[in-house]
Amino acid sequence: MAVDELQAIIQRCQILEESDFRGEDFNLFQVAGQKCLEDGYAAQLLEVIQNEKNKVIIKNMGWNLISPLVRCILAYKQEDDKQEHCLKILDQLVQLCNPKELFLGLLEQIEQTSGEQVCPTVMLLLQPLQTVLLKLQNKKAYSVGLSLAMIMNQLTPLPVPYTKQQIQEDKLGLCRCCNAVVDFAKPFVNEVVKNMEKSSEYNNMELKEELLKFCMKSLKYPLLTAQLEQLEGIEEHPFRHFATEIIDILQDIRELMPLVFLHHKGRRSYWENQEFEDIERKNSADSLACLSYLMFVQHFGINCFPMVFSPSYLLQCNMTHIEVLLNRTEESMLSKGLDLFESCLLRMEDNSLSHQYLEFRDFINVPQDLVKVMTLCPIEHLRKKSLNMLQLFIDKFDAEGKYTLFRCLLKTSNHAGVQGYIIQKIKDQIHLSLTKAHDNIWFTGHHLISLLDLVLFLPEGAETDLLQNSDRIMASLNLLRYLVIKDCESDNQTGVWTILAKIEKNFLKPLHVGLNMSKAHYEAEIKNKKENRREANKSNTVCSLTVSEEKMPAMTTEMQLQVLHSALFTFDLIESVLARVEELIEVKVKAVMAENI
Amino acid sequence: MTTDEATKPEGEVQAAALAERGEDITPAQDRGVLKIIKRPGNDDESPMIGDKVYVHYKGKLANGKKFDSSRDRNEPFVFSLGKGQVIKAWDIGVATMKKGEVCYLLCKPEYAYGAAGSAPKIPSNATLFFEATLPTFPLILQVELLDFKGEDLFEDGGIIRRIKRKGEGYSNPNEGATVEIHLEGFCGGTRFDCKDVKFVVGEGEDHDIPIGIDKALEKMQRGEHCVLYLGPRYGFGEAGKPKYGIQANAELVYEVTLKSFEKAKESWEMDTKEKLEQAAIVKEKGTMYFKEGKYLQAVIQYGKIVSWLEMEYGLSEKESKASDSFLLAAFLNLAMCYLKLREYTKAVECCDKALGLDQDNEKGLYRRGEARLLMNEFELAKCDFQKVLEVNPQNKAARSQISVCQKKTKEHNERDRRIYANMFTKFAERDAKEAASKTGVEKEAEKATCAQGLETAGAG
């Protein structure tokens, strides 16, 4: 019987001095204790442990029982008497055992758990771990840091609940667990705060650094991945709560402001080696981006934020973070990046941002990142928001800034839709310059001409794929039409009349040729398809197309014909606008000639 | 802390008084920022652009509602003056203050948060402020200028900058950029240099310009006019400058105007061919500086080769050979420079990299030996010199260095013995004292076991 075996070893040890316990005693005790637990004699084991006479034995050997104990507690159902007993045993062990060994025992348990067991195990052991850590005399800061790092490392592989339903369900217990970890850390935060009021001791710095590491880690996981918008129907959003707590800790240990303004303060460095410093900076980039999001979008901790910073400076500070976030592909991070960008831009007045800011590399990179999201991201609302942000960003710049941005985006975005959009924006700016009283040198005259050079041409001459570039071509034609209608040759404010010959050579002529070729090609194709209709229906498809792992059905001849016809329709549309533009040019040129005669 | 109720009338009174008596301090004279001095400063000096400024402040809306105060945060607010970091009213207002001064500033929205406001505390002026009693003056700031100091460019106290006139834009010359500057150099109150000069950043020495100016230029903007206070390390150093009659380790003051500059290409803007061509040129330049004993400048030149070629990939066989030979030379020469500059760790690093390219390189091994010898790592140094002899048994210098190592090891051991002998007697005495209270050593032991356990737990 397990209980008898246990009694035997206990009785033998009761008469021994602490220093006389041998290795084999530890083994016997562990084996017997474990057996008691496995066979369901938790109540008896509890009695042994509670026995005053066994105090010394438990103090030395008790920690060996942690592992089987945890296993049992997690295996029993709640409300089970046996679980109740096991919990009491755990409680006793925490009171009685040597803190050093117990600490290692507890940590080992957390380290060994995985998958679904992680959160229950951590939740179970947080309280005991906290008690033990508070008792530790030496290496406390190190041990607290180790515990927090271990816990966070174990949590990190778990998926973060994202939708409202997932959050409410909290299947793996992550939401509850995170908030429990914060509670676990609180006494140590208080200790740092108390010591900071007194003096700045060296030891204290260590504990503070450990807590800082924990906060940075938490910002990266789970917060960066989490959905942090307020959700209807959830009173206490677990991750919002967690975020508030983390920010509070940072504020309490007075690290919040230094972190937010990290890059301009030339922060003290812990590493002599440049390489380590770079790694640290890279690692913290995500965390800092999340912190900025929390402060400026969710307004956590904003109360202690100085309100006297200028909006353009805040934008400048946040640009790095926005860039970090927009370079990710996960919905959670992209949407955080877009929200952060929006909140910074909304602080600014239109036309107030100097073009000189474009000398910062991130100010040029971010709009290009937006284009990437707009054209490549599979999530529709993010694509739409990116477009809105690009619009907002353009709005904030002065004329020269807008001009530079347009140039940059025309050159860098290899997407006809985006280029078409930019060309439309250029038209809007020209319109403003022509109609407003105050003159605007960037969208008239020689500056505009050099911009038009980038717009009014076909990228590959007559061989350009007109269908793929149709958005761009239509926008260009519209712009040209606007220019010849709005700007008389006698005024020539925009300079379009000066470069007319060039436009004809680089744009209108090749467009004519291209249209003729394309139309002929597509018409021939249609004819071909119609003639071979019967045959084509029989033949096997040569290749198949998969979109996001779903095989697309093969196109029927009817569908193919439809596509070909719609292409022809596009060509017709282009041709009609082209004809209109040429007609307008001819009329105006003739009118001028008539006047001159 | 006063409540909103209590400050409300006060706020309105202040706003009215300011509007009436405040001095317009805007350059445009549009009454956008009005100032009243509450307590004059005790010093006649005002902060300059770029200075690190320490202030305490309290901000209120015109209706008296406090929106922000540095006192609540228990620490002064720090910012760089005149760089657009703060609302315009502040950059203008604080620049007029003297140390110790307390003043009130009344700011129009254009000089504060504008029509957009600043969520969540400052609403947009459109929604709220037109209802306030003084709609055009929504913000009152009480500011106390605690302290200010020049900008410490490299956080080491070596170069302090104070800007007299702000430059344009945000781009700076980089290393290798061509700059046109006007400079005046002072030492101990006398002017020793005054000229207009065009040169390449990193090569100022060719024009008797100390390295600190090169470094500072990389942080300046077009049109900027500033005063630079250089410590000896960034000045003419130990050698001084006999040409100007400057002694060793003199502190220098320069007034510099950056008239224009053209940036050098960044590494990513150059193709391999260009990099290899340029590498040959800068290698020559580096060697020239080295021969003249200008090691800091030589480091810049050799460093360029490393930054261009170290990470270059996709080279043809021929290019790769050329690149490796440039890199090897650069690392070996850098090692030599660092030896001269007494930066031995860096010297060892460079030798390691050189030996990574050519593991039997005689110079690499020898220089690493030298560096290690100077770092008192005699055994390692000896190994290096022995390897030199394996590569080239004729190397007499290495042979004599080995005997130096042996001699030094011996001396060192003896010195250690003397020191430790002393220490051990002291320890013994202390132990005797502590044995009674039985703490120190035991605790150490405990710590050691705890640490051991933790490491295994972490690794297991």
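Rule-based calculations on the coordinates, nothing more; no lab input. Only a predicted model underlies this, so the values are computations on that prediction, with no experimental measurement involved. Every residue, glycine as well, gets a Cβ built from its backbone with ideal geometry; the counts of neighbours run over all protein chains shown.
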Original post:
Put +1 on the Cβ of every Lys and Arg and -1 on every Asp and Glu Cβ in the range B:233-290; which of B:Phe290, B:Gln247, B:Met270 then has its Cα farthest towards the positive end of the dipole?
Top reply: B:Gln247
Original post:
With all pairs of different alpha carbon atoms counted, what Kirkwood hydrodynamic radius in Å does the range B:267-408 show?
Top reply: 15.7 Å
Subject >> Exercise: per-residue mean of other protein chain Cβ atoms within 10 Å, B:84-90 >> reply: 5
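To one decimal place, what orientation-averaged projected area in nm² is obtained for the convex hull of the Cα set of chain A?
Details: hull surface 165.4 nm².
That works out to 41.4 nm².
By how many nm would the segment from A:Asn179 to A:Lys194 lengthen if fully extended, with 0.36 nm per residue of separation less the alpha-carbon distance?
Values: separation 15, 0.36 × 15 = 5.40 nm, distance 2.28 nm.
Additional length available on full extension: 3.1 nm.
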Original post:
When Cβ neighbours within 10 Å are restricted to other protein chains, what is their mean count per residue of peptide A:137-143?
Top reply: 3
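How far, in nm, would the chain grow between A:Lys519 and A:Lys486 when pulled straight, counting 0.36 nm per residue and subtracting the alpha carbon separation?
On the way: separation 33, 0.36 × 33 = 11.88 nm, distance 3.15 nm.
So the extension gain works out to 8.7 nm.
Give me the dipole magnitude in Debye, nearest 20, for chain A about the Cα centre, with unit charges on the beta carbon: positive for Lys and Arg, negative for Asp and Glu.
Numbers: 63 positive and 81 negative charges, 227 e Å.
In debye, rounded to 20, chain A gives about 1080.
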Subject >> Virtual spin-label span in nm between B:Arg71 and A:Lys186, 7 Å along Cα→Cβ >> reply: 3.2 nm
Original post:
In nm, what is the difference between 0.36 nm times the number of residues separating B:Val391 and B:Glu45 and their Cα-Cα distance?
Top reply: 118.0 nm
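In Å³ and rounded to a whole number, note down the convex hull volume per residue for the Cα atoms of the range A:106-254.
Values: hull volume 15.1 nm³, N = 149.
Convex hull volume per residue, Cα atoms: 102 Å³.
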Subject >> Pairwise label distance in nanometres, B:Glu310 with A:Asn153, each label 7 Å out on the Cα-Cβ vector >> reply: 3.0 nm
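Please report the equivalent ellipsoid semi-axes of the protein assembly as shown, computed as sqrt(5 x eigenvalue) of the Cα gyration tensor, largest first, in whole Å. Mind dumping the intermediate values first?
On the way: eigenvalues 691, 394, 291 Å².
After diagonalising the Cα gyration tensor, the semi-axes are 59, 44, 38 Å.
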Original post:
So how tilted is helix A:361-376 from the main axis of chain A? Cα-based, degrees 0 to 90, rounded to 10.
Top reply: 80 degrees
Subject >> Partner chain coverage, peptide A:100-109 - average Cβ within 10 angstrom >> reply: 3
Original post:
Fewest first, what order do B:Asp324, A:Asp487 take by the number of other Cβ atoms within 10 Å?
Top reply: B:Asp324, A:Asp487
Original post:
What's the FRET efficiency of B:Glu238 with A:Gln251 using the Cβ-Cβ distance as r and R₀ = 35 Å, to the nearest 0.05?
Top reply: 0.15
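List the longest stretch of chain A that has no exposed loop site; here a site is one of the chymotrypsin sites (Phe, Trp or Tyr not before Pro) assigned by DSSP to anything other than H, G, I, E or B, with at most 13 other Cβ within 10 Å. Provide the component values of the computation, followed by the final result.
Working: sites that count: A:Tyr270, A:Trp271.
Counting only loop sites that pass the neighbour cut-off, the longest clear stretch is A:272-597.
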Original post:
How large is ³J(HN,Hα) for each residue in the range B:282-290, as worked out from phi by the Karplus curve 6.51 cos²θ - 1.76 cosθ + 1.60 (θ = phi - 60°), to whole Hz, x for Gly and Pro?
Top reply: 5, 4, 4, 4, x, 5, 4, 4, 4
Original post:
Using alpha-carbon positions, what is the distance between the centroids of the range B:50-106 and the range A:551-597, in Å?
Top reply: 61 Å
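Do any GluC sites (Glu not before Pro) in the range B:219-307 lie in a DSSP loop with no more than 14 other beta carbon atoms within 10 Å, and if so, which? List each step's numbers first, then the result.
Values: sites: B:Glu224, B:Glu238, B:Glu251, B:Glu255, B:Glu262, B:Glu266, B:Glu269, B:Glu274, B:Glu277, B:Glu284, B:Glu292; in loops: B:Glu224, B:Glu238, B:Glu251, B:Glu266, B:Glu292.
Counting only loop positions with at most 14 other Cβ atoms within 10 Å, the GluC sites (Glu not before Pro) in the range B:219-307 are B:Glu238, B:Glu251, B:Glu266, B:Glu292.
Find the relative contact order for the range B:159-262 and round it to a whole percent, using C-alpha pairs within less than 8 Å whose residues are 6+ positions apart.
Values: 247 pairs, mean separation 38.9, N = 104.
Averaging sequence separation for qualifying contacts and normalising by length gives 37 percent for the range B:159-262.
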Subject >> Value at 222 nm in deg cm²/dmol, rounded to 500, when DSSP H runs of n ≥ 4 in chain A each add -39,500 (n - 2.57) >> reply: -22500 deg cm²/dmol
**OP:** Report, please, the projected area of the range B:159-262 averaged over directions, based on the convex hull of its C-alpha atoms, in nm².
**Re:** 5.7 nm²
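Grab the beta carbon distance between B:Glu262 and A:Leu454, set R0 = 25 Å, and tell me the FRET efficiency rounded to 0.05.
Numbers: r = 25 Å, r/R0 = 0.98.
The formula returns an efficiency of 0.55 here.
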**OP:** Could you tell me, in Å, what Rg and Dmax come out for the Cα atoms of the range A:338-412?
**Re:** 11.9, 34
**OP:** Quickly work out the A:Thr557-to-A:Cys377 label distance, labels modelled 7 Å from Cα along the C-beta direction, and quote it in nm with one decimal.
**Re:** 4.4 nm
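Just to verify a number: FRET efficiency for A:Asn283 and A:Cys304, C-beta to C-beta distance, R0 = 30 Å, to 0.05? Spell out each step's value before the answer.
Values: r = 25 Å, r/R0 = 0.84.
Given R0 = 30 Å and the Cβ-Cβ separation, E is 0.75.
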Original post:
Which residues in the range A:402-427 have a backbone N closer than 18 Å to a point placed 7 Å from the Cα of A:Thr329 along the Cα-to-Cβ line?
Top reply: none
**OP:** Hey, can you grab everything whose amide H is under 5 Å from the amide H of A:Ser310? Only 5+ residues off in sequence or another chain; H modelled, so Pro and N-termini drop out.
**Re:** B:Val86, B:Ile87
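What pairs in B:Lys98/B:Lys164; A:Lys53/A:Lys77; A:Lys336/A:Lys385; B:Lys35/B:Lys65; A:Lys198/B:Lys38; A:Lys372/B:Lys83 have C-alpha atoms more than 23 Å from each other? Mind showing how you got there, number by number?
Working: B:Lys98/B:Lys164 16 Å; A:Lys53/A:Lys77 32 Å; A:Lys336/A:Lys385 11 Å; B:Lys35/B:Lys65 19 Å; A:Lys198/B:Lys38 34 Å; A:Lys372/B:Lys83 32 Å.
Exceeds cut-off: A:Lys53/A:Lys77; A:Lys198/B:Lys38; A:Lys372/B:Lys83.
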